[in-house]
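Written out below as structure tokens is the structure these notes cover.
The values are calculated or read from the model by the stated rules, or taken from the named source; none is laboratory data. In this text, all values refer to a predicted model and were calculated from it rather than measured experimentally. Every residue, glycine as well, gets a Cβ built from its backbone with ideal geometry; the counts of neighbours run over all protein chains shown. Accessible surface is based on the protein model in full, side chains and every heavy atom, while ligands, DNA and RNA are left aside. Shrake-Rupley method; radii C 1.70, N 1.55, O 1.52, S 1.80 Å.
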Amino acid sequence: VPVALSDGRAYEVAIGPGAIPSVLSTLPALLGRAPARAFLIVDSGVPAALHARVTAALESLGTRVTFETLAPTEPAKSLDTHARLLGALAATGAGRDEPVIALGGGIVGDLAGFVAASYRRGVPVVQCPTTLLSMVDASVGGKTGVNLSVQTDSGARLLKNMAGAFHQPIAVAADTTALASLPPRVFAAGLAECVKHALLSAGLGTDPGLLSWTETRADLLDTRDDAALAELIARNVAVKAAVVAGDERELAPSAEGGRALLNLGHTFAHAIETLPGLSPVAADPSLAPLQHGEAVAIGLVAACATAAEMGLASADLESRVATLLARLGLPVRVAGLPGDDALLDAMRHDKKVLSGTLRLVLPVGPGACRVVEDPPLSAVRAGWDAVRQR
Ligand SMILES: NC(=O)c1ccc[n+]([C@@H]2O[C@H](COP(=O)([O-])OP(=O)(O)OC[C@H]3O[C@@H](n4cnc5c(N)ncnc54)[C@H](O)[C@@H]3O)[C@@H](O)[C@H]2O)c1
């Protein structure tokens, strides 16, 4: 799938079994010659056999590989880790044309991308995403960065993705063989972002049938059928690529939506994903807290319900989306939510809220969304009501 940017820049996302060795074999063509060295940043969750295949593919080009392994957590997605990786890269003496290779989920991809953006003011990066979320979302579009930890009156707070750079990869390799080892909750998190894309695609003019297609393939996707997954990734990368092509640096005015549309469901999700006591299965508190993708699934239902209350979308859309998410193994209601006022307050603190005004992406029909400034609070409360398990 091509990602076309302004001023003629472009790169390709290769998708399918064997995409990683295949993309790495094109490095000499992409860089003008085989790199003497490559700096590989590996997610500790990636199976050793895949790591070994990447090393072998690079070494077959005559490239010397140095690697650093990273156990990906949000607190470790930090300036400290960035500095450690930059130091390790500098110690190899790498030049400006020697690539950084990211092999891992979104955390490793964001960090490796930021290392590549900042080392010698920018060296090439190849993204080899190994989670479904990083294949359909994080590895495409050039956003890189780390979280910042700041002291506030209420204690230390992690501000997500607060420091970083736009730095597009030279290629992305979404190798579907990597998905076999993903834990179920990590896999489902990627499916939540796919449903988000399906709720946007028709409005972007990219893939009007994506929501229906996802519905008809839900059982195959849930069981990780190879062909269904490869098609899912290709269609979702095309949606992300369309958004990025239109608004690479998230500068589009809110009326046009642009990259901000990708925030669908996320303002709701951010309000609940850090709450320690919420479990995706009410009967099993040991599964708390919610993972990001689970919070996004709940956020998508809340956004649909808010839109229905405002008369922007039909109530049918909410039940359609909730049914699809549940079939994909995602929660659509949650027990133990705080009261509406606390939730509204948390939404107002979301970093994407501009100057204190609540700004939500809401569906306006199956497959189309728009940005709504200052929605009526009664409608947002109705959104929360729809996902509150009593
Ligand atoms: N740059 C962007 O545009 C963008 C977009 C969306 C999300 N993100 C970022 O992505 C991050 C989330 O990414 P994620 O959902 O991939 O989570 P993650 O990077 O935290 O990875 C999730 C878990 O999967 C494990 N893992 C990775 N690959 C594996 C494999 N093949 N087999 C088994 N386990 C494996 C990891 O070790 C980790 O434990 C967040 O930090 C988010 O901010 C960035």
Determine the gain in length on full extension of the stretch A10-N161; use 0.36 nm per residue of separation and subtract their C-alpha separation, reporting nm with one decimal. 51.9 nm
Quick check: from the Cα gyration tensor, does the range 231-340 come out rounded (a/c under 1.5), prolate or oblate? prolate
Ordering of 112-125, 322-335 by burial proxy (mean other Cβ atoms within 10 Å per residue, highest first): 112-125, 322-335
Place a +1 charge on the Cβ of each Lys and Arg in the chain and a -1 charge on the Cβ of each Asp and Glu, then give the dipole magnitude about the Cα centre in debye, rounded to the nearest 20. 720
Descending packing, highest mean Cβ count within 10 Å first, for 374-380, 233-239 is 233-239, 374-380
Tilt relative to the chain, helix 226-246 - C-alpha long axis, 0 to 90 degrees, to 10: 80
Which whole-angstrom value gives the distance between the alpha carbon centres of the range 6-47 and the range 297-320? 40
Given the options L300, G145, G356, identify the residue whose Cα lies farthest towards the positive end of the charge dipole of the chain (+1 on Cβ of Lys, Arg; -1 on Cβ of Asp, Glu). G145
Cβ crowding within 10 Å averaged over residues, with 84-93, 265-274 ranked highest first: 265-274, 84-93
Amide hydrogen neighbours beyond the local backbone of H167, cut-off 5 Å, H modeled: K143, T144
Ignoring any ligand, DNA or RNA, what whole percent of the accessible area of the chain comes from carbon and sulfur when the probe is 1.4 angstrom? 55
In Å², what does the accessible area per residue of the range 262-326 work out to with a 1.4 Å probe? 34
Quick query: amide H of F67 versus all other amide H atoms, modeled in the peptide plane; which residues come in under 5 Å with a sequence gap of 5 or more or a different chain? L40
To the nearest 20 debye, the range 79-177 has a Cα-centred charge dipole, built from +1 on Lys and Arg Cβ and -1 on Asp and Glu Cβ, of 220
I need the phi-derived Karplus couplings for the range 7-22: 6.51 cos²θ - 1.76 cosθ + 1.60, θ = phi - 60°, integer Hz, Gly and Pro marked x. 6, x, 5, 7, 8, 10, 9, 8, 10, x, x, x, 4, 5, x, 5
Please turn the phi angles of the range 69-77 into ³J(HN,Hα) values with the Karplus equation 6.51 cos²θ - 1.76 cosθ + 1.60 (θ = phi - 60°), one per residue in order, whole Hz, x for glycine and proline. 9, 10, 7, x, 9, 5, x, 7, 7
On C-alpha positions alone, give me the angle between the axis of helix 184-198 and the longest principal axis of the chain, in degrees, nearest 10. 70
Once amide H atoms are placed 1.01 Å from N in the peptide plane, what residues at a sequence separation of 5 or more from G265, or on another chain, have their amide H within under 5 Å of its amide H? V361
Restricting to the chain, what percent of DSSP beta bridges are antiparallel, rounded to 5? 45
DSSP beta bridges in the range 1-107 [antiparallel fraction, %, rounded to 5]: 20
Just to check I understand the Karplus step: with θ = phi - 60° and J = 6.51 cos²θ - 1.76 cosθ + 1.60, what whole-Hz values come out for the range 375-386, glycine and proline as x? x, x, 5, 4, 6, 5, 4, 4, x, 5, 4, 5
Please name whichever of A198, L50, I272 sits farthest to the positive end of the charge dipole of the chain, dipole taken about the Cα centre and charges placed at Cβ: Lys and Arg +1, Asp and Glu -1. L50
In debye, nearest 20: dipole of the range 171-293 around its Cα centre with unit charges on the Cβ of K, R (+) and D, E (-)? 160
